[in-house]
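Scroll down for the structure; my scribbles are underneath it.
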Amino acid sequence: LIDTVLDILENYPPQSVKLLMNHIGTHDTPRILTVLGNDGEYKNDREWQSVFSLTPEQYKKGVNLLKIAAVLQYTLPGIPSLYYGDEAGLQGCGDPFCRAAYPWGKEDTELLEFYKKLGSFRRESNVFRSGEFIPVYANFGEIVYIRKGENSSVLVAVSRWHEETTVKIPPEFENAKIILGNKPSGDNLKLNPYGYTILELNKN
């Protein structure tokens, strides 16, 4: 993933990168929650797709992975473009089952609040408008990067593993403001199972 992002940043004009649509779901694709929760298995016949629903265990797994994807979507270069209902826990297989109405009154409120927090933070932080992208660490299933602006920097770390893991980060982030996730200890940052951390460091 880091290699792909760096390749895009190297080959696309910066004016285009700022306008790229970062989406993980559209009206032409199966619902991301269904894809993640059921390990990508959503291509059975239309009758099966019309009634398929994740089990509670699959739904929990899908939400855990969707939160990681959302953290990346909202902090990588480009503009997060949210397909309605993804933030509310909407499920669905292929077209037309991915186009159900927004679940008014039946939203996954915990997931919805998570998206609201991401959106508010992105809107309030200038680093996502034109901040530099600096890769810090990448291993299979683990990614750490920094978005650096003139007056502040934001560190983003995610792990898609179901066990706790520790990643190395620049030690100056030890006392940074915690937006999501855990507080570092020196240059060590523990990530929870299916974990994510966002830290903000201001110069002022």
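Mind telling me which of the residues GLU163, GLU150, GLU172 ends up being among the acidic types (Asp, Glu), open to solvent by 20 Å² or more (accessible area, probe 1.4 Å) and part of a helix (DSSP H, G or I)? Even if it seems obvious, please write down each step before you answer.
On the way: GLU163 fails: part of a helix (DSSP H, G or I); GLU150 fails: part of a helix (DSSP H, G or I).
The unique qualifying residue is GLU172.
Listed residues TYR84, TYR12, TYR102; which is over 30 Å from GLU132 (Cβ atoms) and over 18 Å from the mean Cα position of the chain (by Cα)? Talk me through it step by step, then tell me what you get.
Working: TYR84 fails: over 18 Å from the mean Cα position of the chain (by Cα); TYR12 fails: over 30 Å from GLU132 (Cβ atoms).
That would be TYR102, the only listed residue that is over 30 Å from GLU132 (Cβ atoms) and over 18 Å from the mean Cα position of the chain (by Cα).
Can you name the residue in segment 137-147 that is touching a Leu at 6+ places or on another chain (Cβ under 9 Å) and open to solvent by 20 Å² or more (accessible area, probe 1.4 Å) and is also nearest to PHE121 (Cα to Cα) among such residues? Spell out the reasoning first.
Within segment 137-147, the subset touching a Leu at 6+ places or on another chain (Cβ under 9 Å) is 138, 142-147.
Retained after the next criterion (residues that are open to solvent by 20 Å² or more (accessible area, probe 1.4 Å)): 138, 143.
Working: ALA138: 24, ILE143: 20 Å.
For segment 137-147, the residue satisfying everything is ILE143.
Residue pairs, Cβ under 8 Å, 6 or more apart or interchain, first in segment 115-143 and on the phi > 0 side of the Ramachandran plot, second at pLDDT below 95 and of a type in the set (Val, Ile, Thr). List them.
Nothing qualifies.
Kindly establish whether SER153 is at negative phi and modelled with pLDDT of 90 or more.
Numbers: at negative phi: yes; modelled with pLDDT of 90 or more: yes.
Yes.
What pairs come up if the first residue lies in segment 73-92 and is closer than 8 Å to ASN22 by Cα, the second is open to solvent by 30 Å² or more (accessible area, probe 1.4 Å) and in a loop (DSSP other than H, G, I, E, B), and their beta carbons are under 6 Å apart, counting only those six or more places apart or on different chains?
So the pair list comes out as GLN73/ILE24; GLY78/LEU20; SER81/HIS23.
Which condition breaks for ARG122 when tested against (1) out of contact with any strand residue (DSSP E or B) (no Cβ under 8 Å at 6 or more places or on another chain); (2) crowded, with 16+ Cβ neighbours inside 10 Å; (3) of a type in the set (D, E, K, R)?
(1)
Is it the case, given these coordinates, that VAL127 is under 26 Å from ASP3 (Cα atoms), among the β-branched types (Val, Ile, Thr) and open to solvent by 50 Å² or more (accessible area, probe 1.4 Å)? Break it down into steps so the answer makes sense when it comes.
On the way: under 26 Å from ASP3 (Cα atoms): yes; among the β-branched types (Val, Ile, Thr): yes; open to solvent by 50 Å² or more (accessible area, probe 1.4 Å): no.
No; evaluated as a whole, the condition is false for this residue.
The values are calculated or read from the model by the stated rules, or taken from the named source; none is laboratory data. Note that the structure is a prediction, hence the values are computed from the model and not measured. No Cβ is skipped: glycine too gets one built from the backbone with ideal geometry, and neighbour counts run over all protein chains shown. Remember, those area values only see protein heavy atoms, side chains included, never the ligands or the DNA or RNA. Shrake-Rupley method; radii C 1.70, N 1.55, O 1.52, S 1.80 Å.
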